[in-house]
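In what follows, a single structure is set out as structure tokens and then discussed.
The values are calculated or read from the model by the stated rules, or taken from the named source; none is laboratory data. None of the values given here were measured: they were computed from a predicted structure. Methodologically, a virtual Cβ is constructed for each residue, glycine included, from the backbone with ideal geometry; neighbour enumeration extends over all protein chains shown. Accessible surface areas use protein heavy atoms only, side chains included; no ligands, DNA or RNA. Shrake-Rupley method; radii C 1.70, N 1.55, O 1.52, S 1.80 Å.
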Amino acid sequence: MFVKNLFSTIAAVSTPRGKGGIAVIRISGEDTAAVLEKVFMPKGTPLTERPYRTAVYGDIVKNGKVIDTGVCTLYAEGKSFTGELMAELSCHGGTYVTREVLEAVLEAGAEPAGPGEFTRRSFINGKLTLSEAEAVGRLIDADTKSKRELATGAVKGNLSAKLKSLDELLYDVMTALYAAIDYPEEDVGTEGEDRIYEVVCEVLEGLKKLSATYRTGKAVADGVKTVICGKPNAGKSSLYNALVGEDRAIVTDIAGTTRDTLEDTVDIGGVTLLLTDTAGLRDSDDTVEQIGVKRAKAKIEEAELVLCLFDMSENLSIEERAFVLEMEKSPKEKICVLNKSDLGASMKEEDKELLEKVFGKLVEISAKDLVGIEKLASEIAELYNSEKLAADSDAIIWDAMQKASLDRAAELLEEAKSALELYAPLDAVGVSCERALAEMRMVDGRDVSEDIIDGIFSRFCVGK
Ligand code: GDP
């Protein structure tokens, strides 16, 4: 990616495209004040002679003509989002007027900003770590409460603070190790070595714990591909609607009426479910329905979590017993849901025992009366540990690359730990610790390559 001269002054509309009450144009770089001098005319005292971070009202001018009035806030270098001298100029949010104001700003000497360039500068200037910068993008894109909480937590620096504390501990160990290596005559002694060992174990423990949060973080951030499956009339559409909270899937009592697949993103038990409603798993002569059944099987293949739904007021059919035995072999996450609890439990004991044997817990619900949905939600939460971790206050990772770096760091510290146990030369311990530290720093972007940084920021839109 083309990297701009860091000292160029950039501008872009930071509010969404389209009409709005106001639009905000961000300007960042050392010429921000000079650009504004040509475009923004406050009443009375010039903008630069007023205190920073003050909302100032004035005319917005293009080619010597007033095109709008607006409010401008100037942020001092080091005290802005980007870390540079920066301004936010609000104008009226009409599409045409916004475009003209941006043009005026560009004609006055600013360059158009690239995607994510404001956030990128913020990262380069040390205002945000890479995980915080990425979380800004996720916060903007968040479409559920849990995703928003996870992103807010990371923007606040929960993950970065945890990594920093582990980094500091390991850094201290390395200082002690290198002192011992460089000045062997000043023996670190067994006490020193014990302390080094203890800290290595502590950091290792911390890394493992953080790595283990991936399952939850991923389930929140990326979502879990989930299907509801069961025979026609088990209540799949009704459960789908109960989870989605609106009548999206058609519910009828004619078997096989859900012919296509629907998809929705829902926040259940603090986990993002990418929910698909499938046609019933039943052999069918109806061609339209057959397409549905084929798709349903494909969806189960693709799914990470299968909600296996049974009608508890009936015995299992032959197809259902076959399905249960198939699911027993399947490595996928699965939850057994018994529907129609309002009709009473008429399923024979033998069938229930089979379900218990294969699935462990059985969750009884009435999709029609919305009974037991909370129990199902806590079952899902337990599966993804989302109740034990607080998305907005715990350090949680969500990205496969973050996990890979943490796991490699942990492996290297395992090596360091074994080397210490075997009284191996301290040099070997030092090398492992140093490599572990470099891996840990990848998680937060301190040692990360330009490509990865480009990859993260290219996903942002212009103005962010
Ligand atoms: P699907 O074919 O598996 O999608 O099943 P539907 O959701 O279309 O439901 C089939 C029939 O069962 C409909 O008449 C629903 O009203 C009924 N049904 C669904 N859930 C329940 C429930 O919890 N209790 C009772 N009594 N009926 C239900």
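Structural remarks
- Nearest 10 degrees, 0 to 90: helix 287-302 Cα axis against the chain principal axis: 60 degrees
- Candidates per trypsin sites (Lys or Arg not before Pro) in the range 364-410, loop by DSSP, up to 16 other Cβ within 10 Å: Lys388
- Fraction of accessible area attributable to carbon and sulfur, the chain (%, probe 1.4 Å): 52 percent
- Two-decimal ratio, the chain, of alpha-carbon radius of gyration to 2.2 N^0.38 Å: 1.28
- The residues of the chain have, on average, 49 Å² of accessible surface per residue, using a 1.4 Å probe with all protein chains present.
- Based on Cα contacts under 8 Å between residues 6+ apart, the range 1-148 shows a relative contact order of 26 percent.
- Remark: accessible surface ordering of Phe310, Phe323 (largest first) is Phe323, Phe310, probe radius 1.4 Å.
- Size descriptors for the range 298-444 (Cα atoms only): Rg and Dmax, in that order, 23.3, 71 Å.
- The angle separating the long axis of helix 349-359 from the principal Cα axis of greatest extent in the chain is about 30 degrees.
- Rounded to the nearest 0.05, the FRET efficiency derived from the C-beta distance between Ser330 and Glu411 at R0 = 41 Å is 0.85.
- Annotation note: chymotrypsin sites (Phe, Trp or Tyr not before Pro) in the range 20-88 located in DSSP loop regions with a Cβ neighbour count of at most 10 within 10 Å are absent.
- Computed from Cα positions, the angle between helix 130-141 and the longest principal axis of the chain comes to roughly 60 degrees.
- Working note: Cα gyration tensor of the range 38-164, eigenvalues times five, square-rooted, sorted largest first, giving semi-axes of 32, 17, 13 Å.
- Net +/- balance of residues flanking Gly109 in space, Cβ distance below 9 Å, scoring K and R +1, D and E -1: -2
- Note on Thr95: accessible area approximately 80 square angstrom, rounded to 10, probe 1.4 Å, nucleic acids and ligands left out.
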